[in-house]
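The values are calculated or read from the model by the stated rules, or taken from the named source; none is laboratory data. Quick caveat, the model's predicted, so the values are computed rather than measured. Glycine also receives a Cβ, built like all others from the backbone with ideal geometry; neighbour counts cover every protein chain displayed. These accessible areas exclude ligands, DNA and RNA; they are computed on the full protein's heavy atoms, side chains included. Shrake-Rupley method; radii C 1.70, N 1.55, O 1.52, S 1.80 Å.
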Amino acid sequence: MTTVAVANEVEIWSGTLTSSWLDDHLAVKRATRPRAPARLNRTQVWASGIARTDMQAFLPTDVDRAVGAKMQPFQGYNFLVGTELVRGGGETSLLSSKASWEAFVRRDWERLGVTVGVTTAGFLDSGQSAYSQSLSGIMDIPLDLSFQAWSTELRLAPSMNLDGVSGDISTGLVSELVGRTRLTSPADRFRSDLHVRVGYGVAPNTRPVASATLELRIAPNL
């Protein structure tokens with residue numbers, strides 16, 4: 001070490017430590033980078049059959065226990081991946097795992113007033129060595145019907161499913177007449193919406209199926 005370096009070192013260790021000296025010499029060490037807060041708003045966790053309920057006494061077989069999680073790894077893309085662990089409720093009580101994935105996109109054509117959505121989902125079951133992939137779409141076409149306080153639309157929902165074990169491909173088409181209305185006013189504390197759906201579904205090699213659904217949704221009016 002040179003004479004100047006030795007003199008500087010002696011001055012540092014023999015000098016009085018003050019707040020200004022600490023700011024000059026330890027500014028870099030004392031500065032800490034703010035940590036990004038953990039974000040779990042793109043993560044879903046669920047469980048079923050973990051706690052036994054009184055209703056299970058009426059079931060003929062034991063209920064499976066399942067724990068799963070699903071997350072959206074990329075904020076700008078509607079792509080979700082998840083996993084699920086299932087323990088059978090029978091005598092064997094086998095533990096199996098399932099990996100799943102899902103992607104969806106939705107677009108509104110304001111000029112035509114049509115809403116189009118496409119969803120694809122699949123899963124891989126390690127216990128049964130099963131693989132499945134599905135593709136479904138939805139098209140909402142508004143209808144100008146003279147129903148007061150009701151909005152109506154025609155919904156077309158084609159679907160296709162691939163069974164990886166058997167290699168079978170199944171297709172189907174569901175057409176529904178959808179109506180919705182609001183039962184409360186904007187000043188109320190809760191918002192109540194009534195949805196009515198009447199539809200008809202067709203698929204190859206199966207009989208057509210008619211369906212009707214009445215749904216009431218209640219949520220806080222934030």
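Of the candidates W101, W46, the single residue that is modelled with pLDDT under 85, under 21 Å from the mean Cα position of the chain (by Cα) and surrounded by 11 or more Cβ atoms within 10 Å (Cβ to Cβ) is W46. Scanning segment 115-133 for residues that are closer than 22 Å to L85 by Cβ and assigned to a strand (DSSP E or B) returns A121, G122, F123, L124, D125, A130, Y131, S132, Q133. Among the conditions (1) open to solvent by less than 70 Å² (accessible area, probe 1.4 Å); (2) within 20 Å of the chain's Cα centre (by Cα); (3) farther than 29 Å from V196 by Cα, the only one that G164 does not satisfy is (2). Is it the case that G172 is farther than 30 Å from L95 by Cβ, touching a residue at least 40 places away in the same chain (Cβ under 8 Å) and either exposed (fewer than 15 other Cβ atoms within 10 Å of the Cβ) or among the small types (G, A, S) (or both)? Spelling it out, it is not the case that G172 is farther than 30 Å from L95 by Cβ, touching a residue at least 40 places away in the same chain (Cβ under 8 Å) and either exposed (fewer than 15 other Cβ atoms within 10 Å of the Cβ) or among the small types (G, A, S) (or both). Can you tell me which residues in segment 78-90 are outside any strand (DSSP E or B) and either modelled with pLDDT under 85 or more than 12 Å from the chain's Cα centre (by Cα) (or both)? Within segment 78-90, G88, G89, G90 meet the criteria. Checking each residue in segment 170-222 for being at pLDDT below 90 and part of a strand (DSSP E or B) picks out A219, P220. Yes or no: Q148 closer than 27 Å to R180 by Cβ and assigned to a loop (DSSP other than H, G, I, E, B)? Answer is yes for this residue.
Being surrounded by 10 or more Cβ atoms within 10 Å (Cβ to Cβ) and over 22 Å from L145 (Cα atoms) is the filter here, so list the residues in segment 193-216 that pass it. If the condition is that a residue be surrounded by 10 or more Cβ atoms within 10 Å (Cβ to Cβ) and over 22 Å from L145 (Cα atoms), then G201, V202, A203, T206, V209 are the ones that fit. Entry remark, segment 160-205: residues being within 30 Å of S129 (Cβ to Cβ) and among the basic types (K, R) number 0 in total. Just to verify a result, which residue in segment 180-192, among those that are more than 16 Å from D140 (Cβ to Cβ) and of a type outside the set (S, T, Y), is most open to solvent (accessible area, probe 1.4 Å)? It comes out as R189.
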